[in-house]
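The values are calculated or read from the model by the stated rules, or taken from the named source; none is laboratory data. Computed from a predicted model, the values in this text were never measured in an experiment. FYI the Cβ positions are ideal-geometry reconstructions off the backbone, even for glycines, and counts take in every protein chain you see. Ligands, DNA and RNA are excluded from the accessible area calculation, which covers all protein heavy atoms including side chains. Shrake-Rupley method; radii C 1.70, N 1.55, O 1.52, S 1.80 Å.
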Amino acid sequence: MTRRLAPYALAIGGVIAVTAAIGLITSLASVPGLSAIYLLVVLWLGARWGRGPAVAGSIAAFLLYDFFFVPPVGTFTVRGPAEVLELIVLLAVALVTSQLAASLRRTRGGAEALARESRALYELATAALRSPEVTVALTMLSRRATELRSISRFSLVAVDSGHPSVLAGGEVSLEELKQAAWCHENGRPVGIAVRDGELKLMRTHPEAQSTPAYLPLASGVAVVGIEPATAAPDDLRMLTALIGLADLLLDRRRAALETERARGFEASDRLKAAILSSLSHELKSPIASLRAGLTALAAPQAGLLPEQRQLLIDLDGQATRLDRMVGDMLALSRLEAGVQLDKEPHRFADLVGSAVRQLRAELAGHDLAISVPDDLPPVEVDEMQVGRVLTNLLENALEWAPSQGAIEVGAAARNGVVEAWIENDGPPIATGDLDRVFDTFWTRRARGSGLGLAICKRVVEAHGGRISVENRRRGPRFTFTLPLAPITVAL
Amino acid sequence: MSGRVLVVDDEVEMQRALRAGLSYHDFDVRAVGSGEEAIREATSWRPDVILLDLGLPGMDGFATLKALRPATRAAVIVVSVMPGEKDKVRALDAGADDYVVKPFGTEELVARIRAVLRRQADVPAGEPVIRSGDLEVDLAHRTVTVNGRVVRLTPTEYELLRYLALHAGKPVTHTTLLRQVWGDYAVGDKYNTRYVVAQIRKKLGDDSANPRYIVNEPGVGYRLEG
């Protein structure tokens, strides 16, 4: 109370002091217009203390001046328009200066408040971004928000694939979590909204005030307890800035989580390949014993009956199939784990030669035509992997070409790549299946593994090439591209 | 008896299967389960061919191979489940005569064993003319003919073909060819061998995409068909 009255006391005191000074001066000499000194006091009062004290000062000045210096001295009688004018001028000066000063003070106060806010936000943002733990940063942010007078709570909820979890800002009830998840899923705020960078309160009914407001962000939800009655524009501005920062931090958290998850997948792919590699080894050893035993007994010298020998040969065929499936699965998982390609310049004809030789027994019953031009430029490939593509495609052709049927292997340089094809005169592939033949585990055969062509696709794509299939007049043709070796290599 | 074969494999089932299978093809077979036993048998029993599994417990296949080489003149065929190309090269460079990938059929194994035995028999005979189909390499006169037609090769081409011919039927690694034909400084530059082999094939009238004489051993090197 004393604080609020002190400026008035100062006003009265100042005016009395000026009156005394004027009295002193007039007792020494006759100086006209000394009442202007009062203006100084009123000006000072208005600038420093605002309208009230300035007006009080100007009224007191008028009364004292009138009483002590305006004749008849010793009375408050106002005589003539000059004195009235004097009073009006004093009052006007008091009002105008105090008004000016007050608006100046308000502006300065606003600027200071803004500077303070910016400074606080800057410090918070730096600290938050420097802190390696996003939750620590979010907690700092939430604490800062609840320092605002109208904010009773400020919690941040992350929503990861539909599951809400509290990251900062204390207790959030199960119901509130559900509501937060709903808001995030539907992108609908409750109670508050940010429009054009400004926070808007959307309270409709008073009983809703005990429940918090929800603002969905890109990667989470801000749950805010806000008192609309005391929410000053400054508070709302600060809150908007804090929510913006929270939005950034939640985004950063999600990005970090995604990176971590991707790294995890990569590691698990490698682990899978390693496990499968060791498993393949374990599976192949018994298959090796099986095949050695079955083929030993299938020899005529073993003295078994022809039908018994046939049974053993059939069983050996099954063991071979099993072996190939194990090999294919391992190859596919290695490709999926991102196998390192051992790329070197090779003549494509050499690669065809190796594949044809590997399958020479099977190819013997077919009409094989190879048309690889002598001057085909060398390709830059992993010999073993592309060899697998060729053997898989040749095996596929053998599977479908009729016995004594034709199989054609060809290649040509086109548009900076080598385009190779393998064609057979077997039945066409149903149009609807053309897109699916390269899918993992998709097969046209009852006994196929569905891995051979999937492996081809992965290998070709790992080399930056494309593979496709089409039905030509004669039969299905598989076409794939391989990169050329640098032109400096002569092969 | 067409030869003595020592099987070195730690799996009893494999030992039994090979003992039976190879004996039906008139081989005299013994089987052991470790590298140490293999070395003992190699010196005392003197087999003609050793089938050496690389995945032995204890003393592993490579160590056994290294120890076997000075101890025996037997041909060594390395046997392995899922060998990488590097393993094959390493085994060949360490003195193995051939490799067979598990699982295999008895017929295939017998064919490989007969091939190394044939080569073994040829070497001491000092046969001056080596044949691969209708290709003849006359080592004494340094001439190469296909179907009687003389083929003119450059010295480098001849040296490479000669080395393959001397080891006809055996896979020869890129490294070995580079060292034998060009010298130690060229080791590592596989384009040389690929280029020269392509030139030789062209002169022999052979087709790279379906070769009759020099065949590729993917990831390893070349082999002249025996």
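Please tell me if A:Ser58 is among the polar types (S, T, N, Q), surrounded by 14 or more Cβ atoms within 10 Å (Cβ to Cβ) and at pLDDT below 75. Before you say what the answer is, go through the steps one by one.
On the way: among the polar types (S, T, N, Q): yes; surrounded by 14 or more Cβ atoms within 10 Å (Cβ to Cβ): yes; at pLDDT below 75: no.
In short, no.
Provide a single number: the residues in region B:88-120 that are more than 13 Å from chain A (Cβ to nearest Cβ) and among the acidic types (Asp, Glu).
At the first step, the residues of region B:88-120 found to be more than 13 Å from chain A (Cβ to nearest Cβ) are B:90-99, B:112-120.
Of the ones still in play, those that are also among the acidic types (Asp, Glu) are B:93, B:97-98.
Qualifying residue count for the region: 3.
Please indicate, with yes or no, whether at least one residue in region A:70-83 is open to solvent by 60 Å² or more (accessible area, probe 1.4 Å) and in contact (Cβ under 8 Å) with a residue 24 or more places away in the chain.
Here is the first cut: in region A:70-83, the residues open to solvent by 60 Å² or more (accessible area, probe 1.4 Å) are A:71, A:73, A:76-79, A:81-82.
Applying the additional criterion that residues be in contact (Cβ under 8 Å) with a residue 24 or more places away in the chain yields none.
Scanning region A:70-83, I find no residue that is open to solvent by 60 Å² or more (accessible area, probe 1.4 Å) and in contact (Cβ under 8 Å) with a residue 24 or more places away in the chain, so the answer is no.
Cβ-Cβ distance below 7 Å, separation of 6 or more or different chains: which pairs start in region A:291-304 with a residue that is more than 7 Å from chain B (Cβ to nearest Cβ) and open to solvent by 20 Å² or more (accessible area, probe 1.4 Å) and end on one that is in a loop (DSSP other than H, G, I, E, B) and not acidic (Asp, Glu)?
A:Leu297/A:Leu304
Would you be able to tell me the number of residues in region B:67-112 that are farther than 16 Å from B:Leu54 by Cβ and in contact with a Gly (Cβ under 7 Å, 6 or more places away or on another chain)?
The qualifying residues number 1.
Every residue in region B:131-163 that is in contact (Cβ under 8 Å) with a residue 24 or more places away in the chain and in contact with a Ser or Thr (Cβ under 9 Å, 6 or more places away or on another chain), please.
Hits for region B:131-163 are B:Leu135, B:Val137, B:Val151, B:Leu160.
Quick check: anything in region A:461-468 open to solvent by less than 60 Å² (accessible area, probe 1.4 Å), touching a residue at least 24 places away in the same chain (Cβ under 8 Å) and in a strand (DSSP E or B)?
Looking through region A:461-468, at least one residue is open to solvent by less than 60 Å² (accessible area, probe 1.4 Å), touching a residue at least 24 places away in the same chain (Cβ under 8 Å) and in a strand (DSSP E or B).
Does A:Ala331 satisfy being within 11 Å of chain B (Cβ to nearest Cβ) and farther than 23 Å from B:Pro83 by Cα? Walk me through how you get there before you give the answer.
Values: within 11 Å of chain B (Cβ to nearest Cβ): yes; farther than 23 Å from B:Pro83 by Cα: no.
For A:Ala331, the condition - within 11 Å of chain B (Cβ to nearest Cβ) and farther than 23 Å from B:Pro83 by Cα - is not met.
Take region B:184-199 and flag every residue that is away from chain A (no Cβ under 14 Å) and open to solvent by less than 20 Å² (accessible area, probe 1.4 Å). Give the derivation first.
Our first condition is that a residue be away from chain A (no Cβ under 14 Å); within region B:184-199, this holds for B:184-187.
Scanning region B:184-199 gives a single hit, B:Ala186.
Hey, A:Ile275 hits all of (1) more than 7 Å from chain B (Cβ to nearest Cβ); (2) buried (at least 18 other Cβ atoms within 10 Å of the Cβ); (3) among the β-branched types (Val, Ile, Thr) but one; which does it fall short on?
That leaves (2) as the condition not met.
Look at region A:374-400 and say how many of its residues are more than 10 Å from chain B (Cβ to nearest Cβ), over 22 Å from A:Lys457 (Cα atoms) and either without any contact (Cβ under 8 Å) to a residue 40 or more places away in the chain or touching a Lys or Arg at 6+ places or on another chain (Cβ under 6 Å) (or both).
1
Mind listing whichever residues of region B:148-174 are at pLDDT below 90 and part of a helix (DSSP H, G or I)?
Selection gives B:Leu166 alone.
Applying the selection to region B:200-221, what residues are more than 8 Å from chain A (Cβ to nearest Cβ), closer than 20 Å to B:Leu153 by Cβ, buried (at least 16 other Cβ atoms within 10 Å of the Cβ) and not charged (D, E, K, R)?
B:Ile200, B:Leu204, B:Tyr213, B:Ile214, B:Gly221
When you go through A:Leu40, A:Leu5, A:Leu24 one by one, which is the residue that is at pLDDT 80 or above, open to solvent by 40 Å² or more (accessible area, probe 1.4 Å), within 12 Å of A:Val93 (Cα to Cα) and in a helix (DSSP H, G or I)? Please lay out each step first, then the result.
Details: A:Leu5 fails: within 12 Å of A:Val93 (Cα to Cα); A:Leu24 fails: within 12 Å of A:Val93 (Cα to Cα).
Sole residue among the options that is at pLDDT 80 or above, open to solvent by 40 Å² or more (accessible area, probe 1.4 Å), within 12 Å of A:Val93 (Cα to Cα) and in a helix (DSSP H, G or I): A:Leu40.
Go through (1) under 15 Å from A:Val41 (Cβ atoms); (2) open to solvent by 30 Å² or more (accessible area, probe 1.4 Å) and name the single condition A:Arg105 misses.
It is condition (1) that A:Arg105 fails.
Can you tell me which residue in region A:204-228 is nearest to A:Leu114 (Cα to Cα), limited to those that are open to solvent by 60 Å² or more (accessible area, probe 1.4 Å) and either modelled with pLDDT under 75 or within 26 Å of the chain's Cα centre (by Cα) (or both)? Write out each step before concluding.
Just the residues of region A:204-228 that are open to solvent by 60 Å² or more (accessible area, probe 1.4 Å), to begin with: A:204-207, A:209-211, A:227.
Next cut, either modelled with pLDDT under 75 or within 26 Å of the chain's Cα centre (by Cα) (or both) only: A:204-207, A:209-210.
On the way: A:Thr204: 30, A:His205: 32, A:Pro206: 31, A:Glu207: 33, A:Gln209: 28, A:Ser210: 30 Å.
Only one residue tops the list, namely A:Gln209.
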